[in-house]
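To start, the structure itself, in structure tokens.
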Amino acid sequence: MMCKSDRQRSSNNNVLLETLFDVVEALRKDLYAKDDIKTFSDDVRQRTIDNFNVAYSNAKEGNTDVNDNKQHLSVDLNVLSDISCMLKSGKIGSMEEVKPIESGLSSEKQKAYNTSEWNLAVKDWQSQGWEVKALENEDCPLQITRNDGNPGKIDMGFYNGHYYLQAGYEGDSNFSRCLKWDNGGRRQYDLWYEFPALSMDVPQGGFIDKFKSSIELQQYIIKKVNYLMEVIKKEHRTILWMKAVGEHKDWQIFTWYWSTLACEWQNDEEGKVYIDTMPDDKDSSKVIVKLGNRANNVELLKRTLERIGHADKTSSIDTTDNCYVTIATIDSLVPNTEADANIVAGKLKELIKDITYKNIK
């Protein structure tokens with residue numbers, strides 16, 4: 001049975017020390033064998049209490065050499081008397097578990113993350129027109145898209161026990177095919193993806209913490225995302241050209257390595273004729289149009305050039321790489337604009353018409 005609180009004891013200035021002695025003795029009995037401990041003697045108790053009373057009286061009367069402005073611990077002597085009563089009754093086990101004081105700090109050591117380089121990269125991408133959702137969701141820790149008509153996307157997620165990085169351009173299987181050839185990884189129609197080695201061992205739900213903790217992983221993702229963004233921008237420009245050119249009978253028209261629009265046509269007399277259109281490597285404001293023969297047959301290419309009225313180009317056929325001639329250069333274009341697409345498509349339609357019908361026997 002629990003002892004009742006003796007409220008009158010709260011006026012006793014010595015109850016604090018008496019209770020502390022009781023607490024210490026109870027803990028010693030709980031920790032050590034009874035034969036191994038000695039209780040505090042009455043002399044020790046009394047001497048300690050007397051010293052406390054003298055100090056207390058001096059402090060109460062202002063007889064102190066130090067002007068102490070520190071906050072003091074408030075002690076409810078009624079509570080102490082309850083504790084003392086329970087200790088003496090041997091009912092320590094009946095006390096409720098004492099809850100730790102909430103400090104407002106996590107029990108785990110706070111981690112110091114360094115994501116400054118990552119934060120700058122995100123801001124840079126956003127300034128270029130990319131919409132970025134980063135580190136908001138463990139299931140999809142990264143989502144990058146555009147709202148200007150470019151359907152390209154980059155994202156991260158969890159699949160088959162690992163986190164992946166993925167890029168896609170809707171409707172074009174060559175987009176992912178060329179990425180796989182150059183970067184390894186895997187593909188599924190118009191999607192390419194890889195499992196980054198630096199996050200291969202990260203369990204589901206643990207990516208964000210790993211990412212924030214690893215500068216190396218952040219730098220890898222930044223570098224890879226920058227690369228994939230450039231690929232998507234190149235791809236989109238070429239797709240705009242392709243849509244503006246449209247479909248033509250007996251012609252195969254497709255993207256190749258993102259920045260090249262390939263148009264192919266074939267007959268028995270001239271073999272497979274191709275038109276490759278791409279930005280000029282030396283001047284990004286220009287687009288070059290190459291006419292060539294896939295079999296690298298110079299004589300067949302000359303026959304095509306002569307038939308469509310470009311006999312003057314036969315002496316300029318380049319055979320160092322592939323069998324082709326630069327048949328047109330288009331100047332001063334702004335990529336991914338309607339004007340860019342229409343100007344390029346206009347030239348290609350003209351060439352497609354000539355190759356298909358001009359002087360055909």
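Below are the figures for this structure:
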quantity	calculated
Ordering of 229-239, 314-324 by burial proxy (mean other Cβ atoms within 10 Å per residue, highest first)	229-239, 314-324
Label-point gap, in nm, between Lys358 and Asn137 - each point 7 angstrom along Cα→Cβ	5.4 nm
Peptides 249-262, 125-138 ordered by average Cβ neighbours within 10 Å, highest first	249-262, 125-138
27 Å Cα-Cα threshold exceeded, pairs from Lys272/Lys358; Lys111/Lys153; Lys272/Lys353; Lys243/Lys272	Lys111/Lys153
Label point distance in nm, Asp124-Glu299, each placed 7 Å from Cα along Cα→Cβ	5.4 nm
Packing rank of 352-359, 148-155, where each peptide gets the mean count of other beta carbons within 10 Å, highest leading	148-155, 352-359
By accessible area with a 1.4 Å probe, ligands and nucleic acids excluded, highest first: order of Cys140, Cys263	Cys140, Cys263
Centre separation in Å (Cα based) which lies between segment 170-200 and segment 219-272	16 Å
Amide N of segment 212-253 lying under 13 Å from the label point, which is placed 7 angstrom from the Cα of Lys286 along Cα→Cβ	none
Difference of contour (0.36 nm per residue) and Cα-Cα distance, Gln252 to Asp50	62.2 nm
Cα→Cβ-extended label distance, 7 Å offset, between Val24 and Asp312, nm	11.1 nm
Förster radius 56 Å - calculated FRET efficiency between His162 and Glu338, Cβ distance, rounded to 0.05	0.85
Accessible-area composition of segment 141-252, carbon plus sulfur, in percent [1.4 Å probe]	45 percent
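The values are calculated or read from the model by the stated rules, or taken from the named source; none is laboratory data. Nothing here was measured: the structure is a model prediction, and the numbers come from that model. Because the Cβ atoms are built from the backbone with ideal geometry, glycine has one as well, and the counts that use them run over all protein chains shown. Calculation scope for accessible area: heavy atoms of the full protein, side chains included, ligands and nucleic acids excluded. Shrake-Rupley method; radii C 1.70, N 1.55, O 1.52, S 1.80 Å.
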